[in-house]
Amino acid sequence: MTSITIKPEILIIDDDRDVGEALEILLSKLGYNSTFFDSVEKGKEYFEKESNPIVFLDIHMPKTSGLDVLPYFKNLIPATQVIMMTGERDINNVVTSLTHKASDFLLKPFSLQTVRIAVQRALDYYTLLKEKEARDENILRDLRLASKIQKKILSVPVISPLEVVVDNTPASFVSGDFYVLSKIGNKVMVLLGDIEDHGVTSGLIGLLMTSIAREAYKESQDPSNVLKRMNLELSQEIGTHSLTAAVAVIDLEKKTICYARGGHPFPVLYQAAGQKLLNEKSGQLLGIMDALEFESHEIPYESGDVLFLYSDGLLNSLSSPLFKELEEVRKKALSIEDYQEAIRTFSKVSLPTREFRDDSSYLLLKL
């Protein structure tokens, strides 16, 4: 544990000047600087400027109770250690002090030894809290940077003549959902994946999977091969996480969609004739076993059709009202932005609070 090398100033608030000055002397003998106030308001004003790590606070004062003042210090700076003082042996005061997060409770008159122990204990705990605060700040900074890097890597390329809308909302900073858009000749691959769990580890594995998927797509424009390569990497090299994914290869010349799934929710194709679920037989979750095969299926499409891929953080049931809302958008032959707005509206109303939320992502392509 890192100790505080420069002893900090201690604040004393007590309406009894004799007690306050006596405590100043005891603290001075222990090597601490202290400042005494016999007024709560002056003590508060000083604390707001100095942010003292330790406060000695009297319980019984003429105009107010230290028990009522204690929450003020803890709410302003939670790490501050407040040591309550009293001349009465009242167990209710002890309980109330601890309930309001006092760090200690001293009975008057106090000895040099009791003050030494109380101050050292308070300083040790204050140091622990400040070290934790510094670590948390570093972690938060790193998470924000990781989030920024992930968004840069997963930026959406321009793939003419397709219109593309992508959203990837992490449960917390870094998402375990990922996507790939890649064009080779007249063929465009679109992939949406969902790594088990969420957070930094899942996000890093997701970024690795984007690289594997691109390499596999260069070798063969077969969605089954892409899933097979990702599965081998996950099961043989990672071995800790599973993954669901849906891959579609769009042939712009033949106007066909060849797709394969590995345990992922059904993609949807919105056509002039209606809504079509791409729900033919799929493979299992990726990362569970080495030898998995993923069947490919091919369907035609028409210009203006909209392909919708999504993770189960956005939709986990085919009975979701969002499908009805998107079907209404399809009937009106509206733009891809209208589909996007319908999803945004649904998300605001239907998705759980951040505390209980999973990573949520979707991908829309107007063909």
Residue tally, condition surrounded by fewer than 14 Cβ atoms within 10 Å (Cβ to Cβ) and modelled with pLDDT under 90, over region 100-127: 3
Tabulated pairs, region 149-177, first within 19 Å of Ala342 (Cβ to Cβ), second open to solvent by 60 Å² or more (accessible area, probe 1.4 Å) and among the β-branched types (Val, Ile, Thr), C-beta under 7 angstrom, 6+ apart or interchain: Val164/Val156; Val166/Val156
Every residue from region 220-233 that is in contact with a helix residue (DSSP H, G or I) (Cβ under 7 Å, 6 or more places away or on another chain) and farther than 16 Å from Leu192 by Cβ: Asn225, Arg229, Glu233
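Residue-by-condition table, conditions (1) at pLDDT 90 or above; (2) of a type in the set (Asp, Glu); (3) in contact with a Cys (Cβ under 6 Å, 6 or more places away or on another chain); (4) within 18 Å of Leu363 (Cβ to Cβ):
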residue: Asn186; (1), (2), (3), (4): yes, no, no, no
residue: Val190; (1), (2), (3), (4): yes, no, no, yes
residue: Asp194; (1), (2), (3), (4): yes, yes, no, yes
residue: Thr201; (1), (2), (3), (4): no, no, no, no
residue: Ile205; (1), (2), (3), (4): no, no, no, no
residue: Met209; (1), (2), (3), (4): yes, no, no, yes
residue: Ile212; (1), (2), (3), (4): yes, no, no, no
residue: Gln221; (1), (2), (3), (4): yes, no, no, no
Boolean, Leu278 is without any contact (Cβ under 8 Å) to a residue 60 or more places away in the chain and open to solvent by less than 30 Å² (accessible area, probe 1.4 Å): yes
Within region 30-71, tally of residues that are outside any loop (DSSP other than H, G, I, E, B), modelled with pLDDT of 90 or more, open to solvent by 50 Å² or more (accessible area, probe 1.4 Å) and touching a helix residue (DSSP H, G or I) at 6+ places or on another chain (Cβ under 9 Å): 1
Among (1) open to solvent by 40 Å² or more (accessible area, probe 1.4 Å); (2) touching a strand residue (DSSP E or B) at 6+ places or on another chain (Cβ under 8 Å) - the single one Gly239 does not satisfy: (2)
Residue within region 325-344 that is among the charged types (D, E, K, R) and outside any helix (DSSP H, G or I) present: yes
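Yes/no per residue for (1) out of contact with any Cys (no Cβ under 7 Å at 6 or more places or on another chain); (2) modelled with pLDDT of 95 or more; (3) surrounded by fewer than 18 Cβ atoms within 10 Å (Cβ to Cβ); (4) hydroxyl-bearing (Ser, Thr, Tyr):
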position	(1), (2), (3), (4)
Gly313	yes, no, no, no
Asn316	yes, no, yes, no
Glu325	yes, no, yes, no
Ser335	yes, no, yes, yes
Asp338	yes, no, yes, no
Thr345	yes, no, yes, yes
Arg357	yes, no, yes, no
Tyr362	yes, no, no, yes
Positions within region 227-252 being assigned to a helix (DSSP H, G or I) and either in contact with a Lys or Arg (Cβ under 9 Å, 6 or more places away or on another chain) or in contact (Cβ under 8 Å) with a residue 60 or more places away in the chain (or both), in sequence order: Leu227, Lys228, Asn231
Of all residues making up region 49-85, the number that are among the small types (Gly, Ala, Ser) and in contact with an Asp or Glu (Cβ under 8 Å, 6 or more places away or on another chain): 2
Pairs with Cβ under 9 Å, 6+ apart, first in region 20-38 and among the hydrophobic types (A, V, I, L, M, F, W, C), second at pLDDT below 90 and open to solvent by 50 Å² or more (accessible area, probe 1.4 Å): Ala22/Pro109; Leu26/Ser111; Leu30/Lys7
Tally of residues being within 30 Å of Met189 (Cα to Cα), at pLDDT 85 or above and among the polar types (S, T, N, Q) across region 131-159: 0
Close pairs (6 angstrom Cβ cut-off, 6 or more residues apart or separate chains): within 29 Å of Ser182 (Cβ to Cβ) in region 339-367, among the aromatic types (Phe, Trp, Tyr) and at pLDDT 85 or above anywhere: Tyr362/Tyr310; Leu363/Tyr179; Leu364/Phe308; Leu364/Tyr339; Leu367/Tyr301
Members of region 182-196 found to be open to solvent by less than 10 Å² (accessible area, probe 1.4 Å) and of a type in the set (A, V, I, L, M, F, W, C), listed by number: Val188, Met189, Val190, Leu191, Leu192, Ile195
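The values are calculated or read from the model by the stated rules, or taken from the named source; none is laboratory data. Since the model is a prediction, treat every value here as computed from it, not as a measurement. Backbone-built Cβ (ideal geometry, glycine too); neighbour counts: all protein chains shown. Ligands, DNA and RNA are stripped out before the accessible areas are found, and what is left, the full protein with its side chains, is counted by its heavy atoms. Shrake-Rupley method; radii C 1.70, N 1.55, O 1.52, S 1.80 Å.
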